[in-house]
Amino acid sequence: MKKGVRLWVRDIEEYLFCPMVFYFSVALGMERAEGYWAELGREIQQDVESVIAERFEIFAKEYEVESERLGVKGKIDYVIRDGSYLAPLEVKYSHSLKPWWRYSAVLYGILLEDTIGKPVKRCYVFLTESNSIKTIDITDDSRIFVEKAVKTCYEILDGKIPKPSKSKSCRNCDFKHICAEF
């Protein structure tokens, strides 16, 4: 059981992208400026609403969700009707679905479920550059993976130091100069 809600979905997404990014930005509280991508994301979200509304009934926008059980909160871009269920839909400026977005969407589904007290079976990611909507089933395996990631994030907050991993994303990382020391 978590002592209050201390993490945001964005924090978990950073961990899934790279545990060291989570460590530097969240655990150590190192500052970095909100960049171009965050502002662009807000602008694009407004532009795509009509496309989303053509395919789905929009239940809510910028919907706040929280799980005391997991100690995580967030704000879903859109909550849509998915048959007789509700589902989160996230908007991303990209041609392809990144693994960390897949799992942060699943986390939004879990948080939505905990918030409304009803099952959430799927989540969606709208990729603006390919004008496609990806459907992600929320499976037992994806739930276990996401909940384990949240648990690991809390372990890092409690003092565990993650191991750095190399990827092609390292070259654009705000923390590459510090991470190299590890």
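The values are calculated or read from the model by the stated rules, or taken from the named source; none is laboratory data. Model, not experiment: these values are computed from the prediction. We place every Cβ from the backbone using ideal geometry, glycine too, and count neighbours over all the protein chains shown. SASA here: full protein model, heavy atoms, side chains in, ligands and nucleic acids out. Shrake-Rupley method; radii C 1.70, N 1.55, O 1.52, S 1.80 Å.
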- Item | the stretch 18-29 residues that are farther than 17 Å from TRP100 by Cα, paired with ones that are among the aliphatic types (A, V, I, L, M) and modelled with pLDDT of 90 or more (beta carbon under 9 Å, 6 or more apart) | ALA27/ILE156; ALA27/LEU157; ALA27/ILE161
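Can you say whether ILE156 is under 22 Å from LEU7 (Cα atoms), among the β-branched types (Val, Ile, Thr) and over 17 Å from the mean Cα position of the chain (by Cα), as far as the supplied structure shows? Give the derivation first.
Numbers: under 22 Å from LEU7 (Cα atoms): yes; among the β-branched types (Val, Ile, Thr): yes; over 17 Å from the mean Cα position of the chain (by Cα): yes.
Taking the combined requirement at face value, the residue satisfies it.
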- Query: Hey, ASP47 hits all of (1) at pLDDT below 90; (2) buried (at least 18 other Cβ atoms within 10 Å of the Cβ) but one; which does it fall short on?
  - Reply: (2)
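Only residues that are open to solvent by 90 Å² or more (accessible area, probe 1.4 Å), more than 11 Å from MET20 (Cα to Cα) and modelled with pLDDT of 80 or more: list them for the stretch 154-171, please. Walk me through it before giving the result.
To start, the set of residues in the stretch 154-171 that are open to solvent by 90 Å² or more (accessible area, probe 1.4 Å) comprises 158, 160-161, 163, 166, 168, 171.
Imposing the further condition that a residue be more than 11 Å from MET20 (Cα to Cα) reduces the set to 158, 160, 168, 171.
Scanning the stretch 154-171 gives ASP158, LYS160.
Among the helices (runs of 4 or more DSSP H) lying completely within the stretch 75-182, list those that include at least 1 residues that are within 18 Å of VAL26 (Cα to Cα) and free of Cβ contacts under 8 Å to residues at least 60 places away in the same chain.
Details: elements: 99-116, 140-157, 176-179.
Counting at least 1 such residues, we get 140-157, 176-179.
Scan the stretch 52-74 for residues that are assigned to a strand (DSSP E or B) and not hydrophobic (A, V, I, L, M, F, W, C) and jot them down. It would help to see each step written out before you state the result.
So in the stretch 52-74, the residues assigned to a strand (DSSP E or B) come out as 58-67, 72-74.
Within the stretch 52-74, LYS61, GLU62, TYR63, GLU64, GLU66, SER67, LYS73, GLY74 qualify.
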- Task: With the checklist (1) under 19 Å from GLU54 (Cα atoms); (2) among the charged types (D, E, K, R); (3) open to solvent by 40 Å² or more (accessible area, probe 1.4 Å) in hand, flag the one item ARG143 doesn't pass.
- Result: (1)
- Which one of these is among the aromatic types (Phe, Trp, Tyr) and open to solvent by less than 20 Å² (accessible area, probe 1.4 Å): TYR93, TYR78? TYR78
